[in-house]
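Trainee: Questions regarding the structure given below will be posed in turn.
The values are calculated or read from the model by the stated rules, or taken from the named source; none is laboratory data. Everything numeric in this text was worked out from a predicted model, so none of it was measured. Note: ideal-geometry Cβ built from the backbone for every residue, glycine included; neighbour counts use all protein chains shown. Quick note on the areas: whole protein, heavy atoms, side chains included, nothing else; ligands and nucleic acids left out. Shrake-Rupley method; radii C 1.70, N 1.55, O 1.52, S 1.80 Å.
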Amino acid sequence: MTVLCLIELGDGGAAADASLRALTLARALAGSGGGEVAAVLFAPADAAGPPAAELGAFGVRDVYAVQAGDGYAPAAWARGLAELAVSAAAAGVVAAATDRGSEVLAHLGAITGQPVAASCIAARWTSPGLCELVRHRWAGSLLEDAALEATLTLLTVASDAVPAEPAASPADAEVHSFCPDLADTDLVVRAAESAQRSGGVSLATARVVVGGGRGVGGPEGFEVLEELAGLLGGALGVSRVVTSQGWRPHRQQVGQTGTKISPELYLACGISGAIQHMAGCLSAKHIVAVNTDPDAPIIAHADYAVIGDLSQVIPALVEAIRAR
Amino acid sequence: MEIAVFVKRVPMVGGKVVVTADGQDVDTRMSGFTVSPHEECAVEEAVQIVEREGGSVTVVTLGPPEAADQLRDMLALGAQHALLLETDGREWGPIATAAAIADVARHRADSGAAPFDLLLFGNESADTGGFQVGVRVAHALGLPAATGIKRLERTDGGLRASREYRGVQESYDLPLPAVVSVKEGINLPRYPSLPGRLRAKRAAIDTVTPQWQAEGLRKIGLRVPQETRKRAEVLGTGTAAVPALVALLDELGVLP
Ligand SMILES: Cc1cc2nc3c(=O)[nH]c(=O)nc-3n(C[C@H](O)[C@H](O)[C@H](O)COP(=O)(O)OP(=O)(O)OC[C@H]3O[C@@H](n4cnc5c(N)ncnc54)[C@H](O)[C@@H]3O)c2cc1C
Ligand SMILES: Nc1ncnc2c1ncn2[C@@H]1O[C@H](COP(=O)(O)O)[C@@H](O)[C@H]1O
């Protein structure tokens, strides 16, 4: 039972980390049905070769390079996957639960009339067509055990909760080109990319995130947090209270309806630790909380805490780091 | 522009989610109800468009009779009409939900009322997070769809919808009618005004009763993930904790 896994390409044409995590779950699913995982990527014909060696390390023997025109068109990508699933006799299609992965799988579910289980962290077939899985609800604050009965098993993977693990025995990946039959309607919605990248350290991939919540007190209070983030080569992240007050822009929000972060260190200042906020930092390696309230919920999620007023602690910390 | 916005009634959860003893639901005895922030932003976006160019906003929810409360909340934000797709409280899956929503759009077209030009959704529901109802509705109606949208602008032929992908801005040109699912951050929703709330209290809510259907994804049970972190080690109080904090940052290798 072959499982197709959608691979998104990151910087320099390498497979995106989220896709390698999805590939790890896809390989386990394929194994539970005695089959293999195959990788699918959408790249214009003239693009540099797909990262075959990298995918081979994850146990991929077959890489399908689908020709679906230039750029990203969600319905066209889904049509390509639907046709490839038939031609490769696949029993499942898996993607990372990124904006694109979630969107393409939703289209694929609609095209094939099959259910889609979103944000899975584990999945295996117990018999053909019947999959036992665990998925996130409430952005990971709650787990759902579920059964998925379908002629084509469709899943997205909550990639922040699943590690990327290369296969025990790597495979020699071979690249096949695949040309689906697209309808004009599949290409109506197509992304036009603007060239400019937003500057600075990206919140989603920052090694250090300095977080600020309502406890910062107002827009002026973020200056010193930004200074600290700059010193540590990190990014500023904030809670929803901060964005809904208009103190900081929404793109800096961490949480269920903001950005998911996975830094080495998350220094959360004046943030209470509401479940929707914590959903955005489930995969932070170390959390340090600075809070005046020793009973704030965040203390139960943090590894370390400083009990105190952030408007005193943070400037003193900046000064101490500068003095080193 | 005639706009429909789809919102879902979900429990308002604070510090932690509690599951009922039978493991089937979120315990809501102590909580209020709300809609996802994405959906509230969808309503705000629709109200702003209608304020600019006329038309009307219809808010629609599929849920138990009590979901009328959430419709009134949205009317208070400036929507003109409300429709309840009433259920018996059972959980509906995304396929059945999308089918019931697509029927609403079709009946409206059949009934002679001006058809919807724009169907706005949240990017995902707050509770079940399926990331799919809007796209399924688009396919059922043969409409173009864009998801995860954080900026909407009017163009000659329709709409330009934009979002960010891996740090790059990408935009989609959509003809109307279209389906768009939006994310929090697209706007800052207003607070309901007092006249708005009074109007919402008196407003009529249309009700229809769609048919539930089973689907391939079935819930077996819910559980709270195992807490992996222990209570934090307290480094100290106030600025006296700073040397310990610096030592910790050094140990983690994050100091310049
Ligand atoms: C469906 C849904 C989705 C949501 N999505 C998100 C999301 O993506 N991200 C998000 O953040 N929230 C989200 N929320 C909101 C969330 O529930 C909380 O309301 C929010 O996270 C609280 O922000 P806060 O911690 O800054 O504020 P508060 O909860 O008010 O906490 C402030 C904290 O600061 C401390 N404090 C006060 N003064 C000081 C000081 N001088 N020094 C140090 N500490 C101090 C207080 O002790 C307190 O712990 C969502 C809510 C819902 C319903
Ligand atoms: N029961 C419902 N009633 C109205 N709209 C819904 C319902 N369920 C989902 N939606 C809409 O579809 C979006 C995506 O939901 P989902 O696919 O469940 O993540 C939500 O943000 C809502 O806009």
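Trainee: Run the numbers on chain A and let me know its relative contact order in percent, using alpha-carbon pairs under 8 Å that are six or more apart.
Mentor: Working: 740 pairs, mean separation 49.2, N = 324.
RCO, chain A: 15 percent.
Trainee: Tell me the net charge near A:Trp247. Cut-off is 13 Å between Cβ atoms, A:Trp247 excluded, with +1 for each Lys or Arg and -1 for each Asp or Glu. List each step's numbers first, then the result.
Mentor: Details: positive: A:Arg214, A:Arg240, A:Arg248; negative: A:Glu220, A:Glu223, A:Glu226.
Every neighbour counted, the sum reads 0.
Trainee: Taking Cα centroids, how far is region B:134-155 from region B:167-216 in Å?
Mentor: Taking the Cα centre of region B:167-216 as reference, the centre of region B:134-155 is 12 Å away.
Trainee: Hey, quick one: spin label on B:Thr209, modelled 7 Å out along Cα-Cβ, who in region B:96-114 has an amide N within reach, i.e. under 19 Å?
Mentor: Label zone hits: B:97, B:100-101, B:103-104.
Trainee: For B:Ser193 and A:Glu220, what is the calculated FRET efficiency with R₀ set at 25 Å and r taken between the beta-carbons, to the nearest 0.05? The partial results should precede the final answer.
Mentor: Numbers: r = 30 Å, r/R0 = 1.18.
Once rounded, the FRET efficiency stands at 0.25.
Trainee: For the interface of chains B and A, what total accessible area is buried with a 1.4 Å probe, rounded to the nearest 100 Å²? Please report the intermediate quantities before stating the final value.
Mentor: On the way: alone 15600 and 15520 Å², together 23750 Å².
That pair hides around 7400 Å² of surface in total.
Trainee: I've got another one for you. Using a 1.4 angstrom probe on protein heavy atoms only, which residues from region A:116-142 are buried by at least 40 Å² of accessible area when all chains are present rather than their own chain alone?
Mentor: SASA drop of 40 Å² or more in region A:116-142: A:Val116, A:Arg135, A:Arg137, A:Trp138, A:Leu142.
Trainee: Let me ask another. Give the percent of DSSP beta bridges with both residues in region A:72-166 that are antiparallel, rounded to the nearest 5.
Mentor: On the way: 14 of 22 bridges.
Bridges in region A:72-166 that DSSP calls antiparallel: roughly 65 percent.
Trainee: Would you look at the GNM of chain A, springs on alpha carbons closer than 10 Å, and say which of A:Val188, A:Val216, A:Val157 moves the most?
Mentor: Of the options given, A:Val188 has the highest mean-square fluctuation.
Trainee: Between A:Gln312 and A:Arg124, with labels modelled 7 Å along Cα→Cβ, what's the label distance in nm to one decimal, could you check?
Mentor: 5.5
Trainee: With labels modelled as points extended 7 Å from the Cα through the Cβ direction, what inter-label distance (nm, one decimal) is found for A:Ala14 paired with A:Thr205?
Mentor: 0.9
Trainee: Over the whole of A:251-263, what's the average partner chain Cβ count within 10 Å per residue? Rounded to a whole number, please. All intermediate terms of the calculation are to be shown ahead of the outcome.
Mentor: Values: counts 3, 1, 3, 0, 2, 7, 11, 4, 2, 0, 0, 0, 1.
Average neighbour count from other chains, rounded to a whole number: 3.
Trainee: Compute the helix-to-body angle for B:37-53: its Cα long axis versus the longest principal axis of chain B, expressed 0 to 90° and rounded to tens.
Mentor: 40
Trainee: If Lys and Arg each add +1 and Asp and Glu each add -1, what is the summed charge of the other residues whose beta carbon sits under 10 Å from the beta carbon of A:Gly212?
Mentor: Details: positive: A:Arg214, A:Arg248; negative: A:Glu226.
Within the 10 Å Cβ shell, the charges total +1.
Trainee: Quickly rank A:289-297, A:204-212 as a protection proxy: mean count of other C-beta atoms within 10 Å, highest first. Provide the component values of the computation, followed by the final result.
Mentor: Numbers: A:289-297: 19.3, A:204-212: 24.3.
With the highest mean Cβ count within 10 Å placed first, the list reads A:204-212, A:289-297.
Trainee: With the contact rule set at Cα under 8 Å and sequence spacing of 6 or more, what percent relative contact order holds for region A:48-197?
Mentor: On the way: 266 pairs, mean separation 57.4, N = 150.
With pairs under 8 Å counted, the relative contact order is 38 percent.
Trainee: Is there a quick way to get the dipole size of the protein assembly as shown? I mean about its Cα centre, with the Cβ of Lys and Arg at +1 and of Asp and Glu at -1; what is the value in debye to the nearest 20? Present the calculation step by step, with values, prior to reporting the outcome.
Mentor: Details: 47 positive and 66 negative charges, 196 e Å.
Computed about the Cα centre, the dipole is about 940 debye.
Trainee: Per the 1.4 Å probe, what fraction of the accessible area of the protein assembly as shown, in percent, lies on carbon and sulfur atoms? Walk me through the numbers before you get to the answer.
Mentor: Details: 12060 of 23750 Å².
Here carbon and sulfur together make up 51 percent of the probe-accessible area.
Trainee: For region B:38-100 and region A:61-135, what is the centre-to-centre distance using only Cα atoms, to the nearest Å?
Mentor: The distance from the Cα centre of region B:38-100 to that of region A:61-135 comes to 30 Å.
Trainee: Using DSSP, restrict attention to beta bridges with both residues in chain A and report what percent are antiparallel, rounded to the nearest 5.
Mentor: Numbers: 15 of 60 bridges.
Beta bridges within chain A, antiparallel portion: roughly 25 percent.
Trainee: Check every DSSP H run in chain A and write down those whose alpha carbon atoms cover 15 angstrom or more along the long axis and whose mean Kyte-Doolittle hydropathy is 1.0 or greater. Present the calculation step by step, with values, prior to reporting the outcome.
Mentor: Values: long enough: A:17-32 (23 Å, 0.56); A:74-87 (20 Å, 0.65); A:99-112 (20 Å, 0.21); A:310-322 (17 Å, 1.13).
Qualifying helices, which must be both long enough and hydrophobic enough, are A:310-322.
Trainee: Next question. Restricting to the protein assembly as shown, compute how many DSSP beta bridges are antiparallel as a %, nearest 5.
Mentor: Numbers: 39 of 113 bridges.
Restricted to the protein assembly as shown, the bridges split so that about 35 percent are antiparallel.
Trainee: If I ignore ligands, DNA and RNA and count only protein heavy atoms, how much of B:Trp212 is accessible to a 1.4 Å probe, in Å² to the nearest 10?
Mentor: Per-residue accessible area (B:Trp212): approximately 90 Å².
Trainee: May I pose another question? Taking springs between alpha-carbon atoms closer than 10 angstrom, which of A:Gly92, A:Gly12, A:Gly80 fluctuates most in the Gaussian network model of chain A?
Mentor: Comparing A:Gly92, A:Gly12, A:Gly80 in the GNM, the peak value goes to A:Gly12.
Trainee: Specify, per residue and in Å³, the volume enclosed by the convex hull of the alpha carbon atoms belonging to chain A.
Mentor: Numbers: hull volume 49.3 nm³, N = 324.
It comes to 152 Å³ per residue, whole-number rounded.
Trainee: At 7 Å along the Cα-to-beta-carbon direction for both A:Asp184 and B:Arg202, put a label point, then send me their distance in nm to one decimal.
Mentor: Using points 7 Å along Cα→Cβ, the separation is 5.1 nm.
Trainee: Also: If R0 is 60 Å, what FRET efficiency do you get for A:Arg322 and B:Asp22 from their C-beta distance, rounded to 0.05?
Mentor: On the way: r = 57 Å, r/R0 = 0.94.
Working from the Cβ atoms, E equals 0.60.
Trainee: If I fit a long axis through the Cα atoms of helix B:242-251 and take the longest principal axis of the Cα atoms of chain B, what angle between them do I get, 0 to 90°, rounded to 10?
Mentor: Taking Cα atoms only, the helix is inclined about 80 degrees.
Trainee: Highest GNM mean-square fluctuation, chain B, Cα pairs closer than 10 Å: which of B:Glu184, B:Glu86, B:Glu51?
Mentor: Checking each option, the largest mean-square fluctuation is seen for B:Glu51.
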